[in-house]
Amino acid sequence: MDPIDGTANFVSGRREYAVMVALLRNGEPAAGWILLPESGQLYVAERGSGAFRDGARIRRLTPPAAAEQMQGAAPTKRLTHRERADLSKAGERFARLGPGASSAGVNYTRMLDGDLDFVLYQRSMPWDHAAGTLLLAEAGGISVRPDGKPYRIVEGQIGLLLNAADHACCKAVRTALWGTVP
């Protein structure tokens, strides 16, 4: 549970924060909820049942095939100066690569709504990603490590996490960021 995801936004009076809850079974998300208090929108998923926004099934549009047309986010708060420079250079390969909302819950809902095609995180704390990765998976998305292995909550909290709208998008983003991928 993350009672205020995007705490700095909330404290500063910005609308970009969320409440996130996930139910885990055997260390894996079985159900997830993200509430955007400012708009009242509620995103819900149960493993194998799809993803829903305010009771309506989410039908995420297919993302662009080419990285040059994709919209993405990569929060940079915890990056070194060198890592920021490298990411900025990589960002030139996309239509847009910004810092995101400083709230994982908001970023996940933007992916579900089609406003973002991918989000790259430097850390993968369960309270930030359990609900969102399940919602994304139930809407046809994917969450992987840079080597392409699926994200698993029980396998550690440090390290990059790439969330993408679908498998083709994931492959295009991985190729644009890190070169040829299998």
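The values are calculated or read from the model by the stated rules, or taken from the named source; none is laboratory data. Here the structure is a predicted model, which means the values were calculated and not measured. We place every Cβ from the backbone using ideal geometry, glycine too, and count neighbours over all the protein chains shown. To get the accessible areas, we keep the full protein, side chains included, count just its heavy atoms, and leave off ligands, DNA and RNA. Shrake-Rupley method; radii C 1.70, N 1.55, O 1.52, S 1.80 Å.
Numbers for the structure displayed
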{"quantity": "Hits in segment 78-117 - residues which are basic (Lys, Arg) and either in contact with a Phe, Trp or Tyr (Cβ under 8 Å, 6 or more places away or on another chain) or without any contact (Cβ under 8 Å) to a residue 40 or more places away in the chain (or both)", "calculated": "Arg82, Arg84, Lys89, Arg96, Arg110"}
{"quantity": "Met1 vs. criteria touching a Phe, Trp or Tyr at 6+ places or on another chain (Cβ under 8 Å), over 23 Å from Gly140 (Cβ atoms) and of a type in the set (A, V, I, L, M)", "calculated": "yes"}
{"quantity": "Tally of residues being buried (at least 18 other Cβ atoms within 10 Å of the Cβ) and either small (Gly, Ala, Ser) or part of a loop (DSSP other than H, G, I, E, B) (or both) across segment 149-165", "calculated": "3"}
{"quantity": "Some residue of segment 46-60 being surrounded by fewer than 20 Cβ atoms within 10 Å (Cβ to Cβ) and at pLDDT below 95", "calculated": "yes"}
{"quantity": "Test for Arg78: is it part of a loop (DSSP other than H, G, I, E, B), open to solvent by 80 Å² or more (accessible area, probe 1.4 Å), modelled with pLDDT under 90 and more than 19 Å from Glu28 (Cα to Cα)", "calculated": "yes"}
{"quantity": "Output for segment 19-29, where each listed residue is in contact with a strand residue (DSSP E or B) (Cβ under 7 Å, 6 or more places away or on another chain) and free of Cβ contacts under 8 Å to residues at least 12 places away in the same chain", "calculated": "Leu23"}
{"quantity": "Top-ranked residue of segment 125-148 - restricted to ones that are closer than 19 Å to Leu24 by Cβ and of a type in the set (Asp, Glu), ranked as surrounded by the fewest Cβ atoms within 10 Å (Cβ to Cβ)", "calculated": "Asp128"}
{"quantity": "Long-range neighbours under 9 Å by Cβ, at least six apart or interchain, first residue in contact (Cβ under 8 Å) with a residue 12 or more places away in the chain and assigned to a helix (DSSP H, G or I) within segment 6-18, second among the basic types (Lys, Arg) and surrounded by fewer than 19 Cβ atoms within 10 Å (Cβ to Cβ)", "calculated": "Ala8/Arg14; Asn9/Arg15"}
{"quantity": "Subset of segment 81-94 [surrounded by 14 or more Cβ atoms within 10 Å (Cβ to Cβ) and not in a helix (DSSP H, G or I)]", "calculated": "Arg93, Phe94"}
{"quantity": "Criterion: in contact with a His (Cβ under 9 Å, 6 or more places away or on another chain), in a strand (DSSP E or B) and surrounded by 20 or more Cβ atoms within 10 Å (Cβ to Cβ) - qualifying residue of Tyr121, Tyr108", "calculated": "Tyr121"}
{"quantity": "Selection within segment 24-45 - in contact with a Phe, Trp or Tyr (Cβ under 9 Å, 6 or more places away or on another chain) and in a strand (DSSP E or B)", "calculated": "Gly32, Trp33, Ile34, Leu35, Leu36, Leu42, Tyr43, Val44, Ala45"}
{"quantity": "Residue check, Ala67 farther than 19 Å from Ala168 by Cβ and touching a helix residue (DSSP H, G or I) at 6+ places or on another chain (Cβ under 8 Å)", "calculated": "no"}
